[in-house]
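For reference, the structure is listed below as structure tokens.
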Amino acid sequence: MAGGPREVLTLQFGHFAGFVGAHWWNQQDAALGRATDGAEPPGELCPDVLYRTGRTLHGQETYTPRLILMDLKGSLSSLKEEGGLYRDKQLDAAIAWQGKLTTHKEEEVYPKNPYLQDFQNAEGVLSNGVWRVKSIPNGKGPPPVTSAPKPKPLVPAASSIRVWSDFLRVHLHPRSICLIHKYNHDGYGRRPEARRETGRLEAFGQGESILKEPRYLEELEDRLHFYVEECDYLQGFQILCDLHDGFSGLGTKAAELLQDEYSGRGVITWGLLPGPCNPGEPQKNIYRLLNTVFGLVRLTAHSSFVCPLSVSGSLGLRPQPPVNFPSLHYDATLPFHCSAILATALDTVTAPYRLHSSLVSMVRLGDMLTYSGKKVVTAEALIPFPWLPAQSLPDALIQLGGTTPWTPLSACGDPSGTRCFAQSVVLRGVDKASHTSLLPPGTPLPSLLHACTTGEEVLAQYLREQQPRVASSSHLLLTPCRVAPPYPPFFSSSFGQQGVAPGCPLRGTAEQSIPVLGALRSSSSLHQTLGALAKELEQLDLRRWASFLDTGVEQGDVEELLQELHSLAQCYRESDSLTD
């Protein structure tokens, strides 16, 4: 990457964003481990884009995510707000103070998740109490601490996962976590009366008001300056933000702050929603609709683009079944499962601006996908991509059939048969030897794909055949997607380590990798999706939901929102695409 890595600062807002982020960082960590241990050669993705180097108080080099995370009180379980890399401040005080010291320790409210206990025991700790830190990929870091052979990594039981920190196996910098103490995470307060006192962050206006308070605004600004000032080639920010609750308002204010202070940098927002809504919770569903629409529309004004991510079939009130992956048996009601799928898609579609050598920056990717005001895009994926090591890429693509086979992951309906305006496609994890036709010389070629001389040409030709006259960007990577524990084991029995084949058993390996195809697309399906959201909003009697307006949103704001939503939907009219 000419001139050094083009750094990206990640911001996570919300508890479901924490779930997606925990899987995302675990996947980055698993890839780092394979490279630093020599199990795999360094891949095409540059970890320095997402990670930063530093030192602990004891001079040990660290390699931690460049991350700012905001969540509610009670969401960390046993994880400390300052992380686990640095010694407890009280211990440091004991070293500096030579007099008598009396320590009063509060009883631990949140016992460690059994999975984390086993993981930390397997990793080992240093004698001074600092957890072992993974060595830096460029070789400058310290050698890993060795002791007894590592046991086979465990997979946490889904029933044991209450919060995202229960399965996060990555150490965070002390400036990463920022807790919002005025609201409490559902169900994890110390006392029921404490939960009543703090309340829940459930409305857009509540989230907006948080960053209007000097305390939280200054805290976010200080952390932004800390991370940004140490970057040499900052290309932008990626925001993982809950859309369904009050964090949609907080994320909107944060995106506005980034646009004002760091003009010219990319701001890509991933709007996250958990599984399908429960029809038996009408108020929660109405709030979910209002928060989603407010967040989606307002974030487009301050982002390079906004991409909703959800396994749900709909963004609106009408319940739709969750999306289906032929080789995945997942529970859509479990955030632990849903977030793993979304993190895998996210790890794939963000690859273009994380490569060691690439001309695609966050700003350029946004410009390609969002011309003519189309600031909302959708994500689609094949998890895993159905390829076998003995199969050529042309054969695997032809096997998919004539229609676009990708599973939608933006709760915007099925895009099949709709007009695509622009797309960015990434296929990863296919061996280089299989990129082109494996037919013997002289054999009649069954398709134009078999005549291509490189894998990149094969993928580009396939996209041209599927979507003629569409602005397409495509990347073919050798690096697969890591799904090592604690990634949930929800692959079907027909899944093999490198692909899918009927009757092929799942290999009993502790660390797995899979090929994945992911796409970001701007298509006419959003005209119907956004229009349907506008109709549902128009049919609401807001007098019945005065509590939502009491949080700082006025009737005039809703009317303005409807106009903006209709205007955004008009950008995706299929008839307009021909003149574009």
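The values are calculated or read from the model by the stated rules, or taken from the named source; none is laboratory data. No experiment lies behind these values; they were computed from the predicted model shown. Using ideal geometry, Cβ is built from the backbone for each residue, glycine included, and neighbour counts are taken over all protein chains shown. Surface areas here come from the heavy atoms of the whole protein model, side chains and all, with no ligands, DNA or RNA. Shrake-Rupley method; radii C 1.70, N 1.55, O 1.52, S 1.80 Å.
Couple of notes before you dig in:
- Segment 210-357 shape via C-alpha gyration tensor axes, a/c threshold 1.5: oblate
- Ligands, DNA and RNA excluded, the heavy atoms of Trp406 present near 20 Å² of accessible surface to a 1.4 Å solvent probe.
- Three-way shape label, segment 287-421, alpha-carbon gyration tensor, a/c 1.5: oblate
- Solvent-accessible area of Tyr51 with every protein chain in place, 1.4 Å probe, in Å² to the nearest 10: 10 Å²
- Counting only protein heavy atoms and a 1.4 Å probe, segment 226-319 has 30 square angstrom of accessible area per residue.
- Apportionment of accessible area to carbon and sulfur, segment 235-334, percent (1.4 Å): 49 percent
- Restricting the trypsin sites (Lys or Arg not before Pro) of segment 207-264 to loop positions (DSSP other than H, G, I, E, B) with no more than 16 neighbouring Cβ atoms within 10 Å leaves Lys212.
- Solvent-accessible area per residue, Å², over segment 392-449 with all protein chains present [probe radius 1.4 Å]: 41 Å²
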